[in-house]
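Coordinate-derived values only; no laboratory data. Keep in mind that this is a model prediction, so the values were computed, not measured. Positions of Cβ are backbone-derived with ideal geometry, glycine not excepted, and every protein chain shown enters the neighbour counts.
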Amino acid sequence: MPVRLAQPSDDSVGPYNRLSSSQVNAYRSCPRLWFYEKVRRFKMPQIPVLYVGRAVEEVFCRMLMESPALLVAKASPDTISAIPLDEKGVPSRTSVDPWPAERLLSLPVNLLPSSMEDLRSWAIERLKAHLQPALKSMKEEWQKNERKAGDWDSVNPDYCLEMCINGLDMHLKEVQRCLDANGGPMLKQWRQGKRPEWPAPDARRYSLSNNHPLAQEGGVSLIEAWEISRPWFVDPNAGKFAMNAVHPEHWFQGEYDLVYRWDGRITIVDLKASIGRGDRSGNYVEQLRMYAMLWWVTHGKKEEVDGLEIWYLGANAIKTIQCPSTQEMAKMESELEELWQQLRHTTPSLDECPPTPSPVRGFKAGGIPTEAPDEVRCDRCDWAEVCPGGKGDDDLPEGGDIQLPGTSSPIDLAKIGVLDPRITLVAEVFTVMGMKEARRPQVTVSQGSKFAKVVFLVDSHEDGTSSWPTELAKGDMVRLDNVIPTVNWKGEIELKVDPHACMVHASSDEEASDLMEFRARWNVTGKLVYKFEKRGVGRNGKEWHRKGLMLLDATGAMKVEGWANDWGPQYDLAGVGDTVVVANIGIDAWAVEVRGNVTRNSKIHITKRVERD
């Protein structure tokens, strides 16, 4: 069972508060690094190689999902892409519509590959078919990212294809083993159409009513070996993080890349679109060991993983990791739960996460350990300019008041950590549209003569319930829990509903906030961590340009952004590490992240500069 979804009725942790292997490795690398990225939510520069890795994995998995018995080598890349998904982005168990593979007839025998070389040639053509769309999609996503860095022209499609083919050749060894084993111990069940609870994605529904449509008689065929040896992986069409394995107590989660199980053994494979050199290779080893523990725990501690492998596609090398013993996994689970209590159950302070990095480890191609380099982890850290481990310090502003040049009186400066952008209020539905349509409703509410537009940013609350009532009509009383009040460019009040907010029916005598109680404008100060920019083209065809910065004070951090023309010259003069004031901003939020909005009436001023070489 490679997937274990969260059980909302038992989940007191929530999807935003679980521990993961990446968090554990970040904390062990440096507690302050973890704090900056997981508590203060600093976002590291997004270089193209990060997106290339995702593209390579997607291409490889889309190829694995296909069958040479259904698709010719030159078939369209989206032939089996229309997978029915449920409201959480998981391939649906209840959809009655035919699945993509069920709409296709088997190809005639003369079009089927008859040898491993034919099969390899077919698969390479499928990789080529998927590569260009995947890279195009990743490039578009990278271009939209406010922290994009580097140059996409550095991406080499030929090298990406080479990594995909390396992965294919590694998989074909499994296909050959399946042939040599005459289909393995599950051949009979597979031919009878008996599938595990989470079958390997093949564009067919979870349960088959009859024999498998590609089943044959006698010894296992090449086509059958391809189908049977297919590992489980996250369906490329599924929603992000929709198919995690979640610890029964919900405090840890992970997402496996590949799980081979056709031979009765469980082998977890981690795909890496890299050569395997450098410090990160040590993290991959620990990640797989944690995944072995997660598998054991999510299977009632009765089933252990038999194999752990890292496939370094850039080096065309497989690294085998020794599986931990039950004693080691029990100790690991206990230590990780203690770490979750320390890091996520209660949020540690800045002082509790000192800049004490671990030594840099050395690895050569293929993830082979070698002598550690003569360098300090802080020298390569993205946050060295603001961290005491690098060139920065912990001398951070903490609210107060200040008189800016050109003003007649001091202004109060709010502590970022105490800003609360949410309110709960009871109101009457004034207008409602779209309730019977397959889209988010358009709702306006009122309190006396005051009106506000409700903006649903999501369909469901973090607990899995709907963000709005199933029945809603003009005149209904509703309670808007934890909504985010903002003022749009027209001066209208908007109440935003994100995963931490919802609308439910209410009675008129319930106590809640007044619609006009929220504070529309704030002043904040903090140390400048980084700047960012976003550009694009709107629906009207006009280009848009936004700028922003990340501010850090002694109590918290927040992202502040606005239209490029609204920032003024002080924005361009400010550098990383400088202390700045941003006055007269609105505040917004998404989940636990508080944001600031700059308008033409806002003002930025540098109050303290750092010395630069």
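Are there any trypsin sites (Lys or Arg not before Pro) in segment 221-265 that are in a DSSP loop and have at most 16 other Cβ atoms within 10 Å? List them by number. Loop-located and lightly packed - Lys240, Arg265.
Shown here is the pair-distance distribution of segment 463-515: with all Cα-Cα distances grouped in 10 Å bins from zero up to the longest one, the shares run 21, 49, 28, 2 percent. Among residues other than Asp412 with Cβ under 12 Å from its Cβ, the summed charge is +2 (Lys and Arg +1, Asp and Glu -1). Are any of the pairs Lys144/Lys531; Lys144/Lys272; Lys453/Lys496; Lys188/Lys302 more than 18 Å apart by Cα-Cα distance, and if so, which? Pairs exceeding 18 Å: Lys144/Lys272; Lys188/Lys302. In segment 304-416, the convex hull through the Cα atoms has an average projected area of 12.7 nm², a quarter of its surface area. The 3J(HN,Hα) values that the Karplus relation (6.51, -1.76, 1.60; θ = phi - 60°) gives for segment 564-572 are, in residue order, 3, 6, 8, 7, x, x, 5, 4, 5 Hz. Gly and Pro appear as x.
Of interest is the spacing of the C-alpha centroids, which for segment 506-573 and segment 487-503 amounts to 14 Å. Size descriptors for segment 85-213, from the alpha-carbon set: Rg then Dmax equal 18.9, 52 Å. Taking other Cβ atoms within 10 Å as a rough exposure proxy, Lys608, Lys490 sort from fewest to most as Lys490, Lys608.
Working from Cα pairs under 8 Å separated by at least six residues, relative contact order for segment 421-505 is 34 percent. Note: relative contact order over the chain, using C-alpha pairs below 8 Å and six or more positions apart, is 12 percent. Taking only the C-alpha atoms of segment 262-338, the Rg (one decimal) and the largest Cα-Cα distance, Dmax (whole number), read 13.2, 38 Å.
Converting phi to 3J(HN,Hα) with the Karplus coefficients 6.51, -1.76 and 1.60 and the offset θ = phi - 60°, segment 250-263 yields 6, 9, 9, 8, x, 10, 6, 7, 10, 10, 8, 8, 5, 9 Hz in sequence order, with x at every glycine or proline.
At q = 0.07, 0.10, 0.12 Å⁻¹, what is the base-10 log of I(q)/I(0) for the chain according to the Debye formula with one equal point scatterer per Cα and no solvent? Please give it to two decimals. Computed log10 I(q)/I(0) values: -0.53, -1.07, -1.41. Only DSSP H runs of four or more residues enter the estimate; each adds -39500 (n - 2.57), and after division by the residues of the chain the mean residue ellipticity at 222 nm equals -7000 deg cm²/dmol.
For Leu208, the residues whose amide H sits under 5 Å from its own are Arg195, ignoring neighbours fewer than 5 places away on the same chain, with H placed 1.01 Å from N. Karplus-derived 3J(HN,Hα) values for segment 452-467, using 6.51 cos²θ - 1.76 cosθ + 1.60 with θ = phi - 60°, are 8, 8, 8, 10, 8, 8, 9, 9, 9, 6, 4, 8, x, 7, 5, 6 Hz; glycine and proline are entered as x.
In segment 244-383, inverting the average of 1/r over every pair of distinct C-alpha atoms gives 16.8 Å as the Kirkwood radius.
Near Ser460, the amide H atoms lying under 5 Å from its own belong to Ser467; only residues 5 or more places off or on other chains count, and H is placed 1.01 Å from N. Applying a DSSP loop filter and a limit of 12 other Cβ atoms within 10 Å to the GluC sites (Glu not before Pro) in segment 392-464 leaves Glu437. How charged is the neighbourhood of Thr298? Take every other residue with its Cβ under 13 Å from the Cβ of Thr298, and add Lys/Arg as +1 and Asp/Glu as -1. Net of charged neighbours comes to -3. Normalised by 2.2 N^0.38 Å, with N the number of residues, the alpha-carbon radius of gyration of segment 421-505 equals 0.99.
Take every DSSP beta bridge whose two residues both sit in segment 421-505, then give the antiparallel share in percent to the nearest 5. That works out to approximately 85 percent antiparallel.
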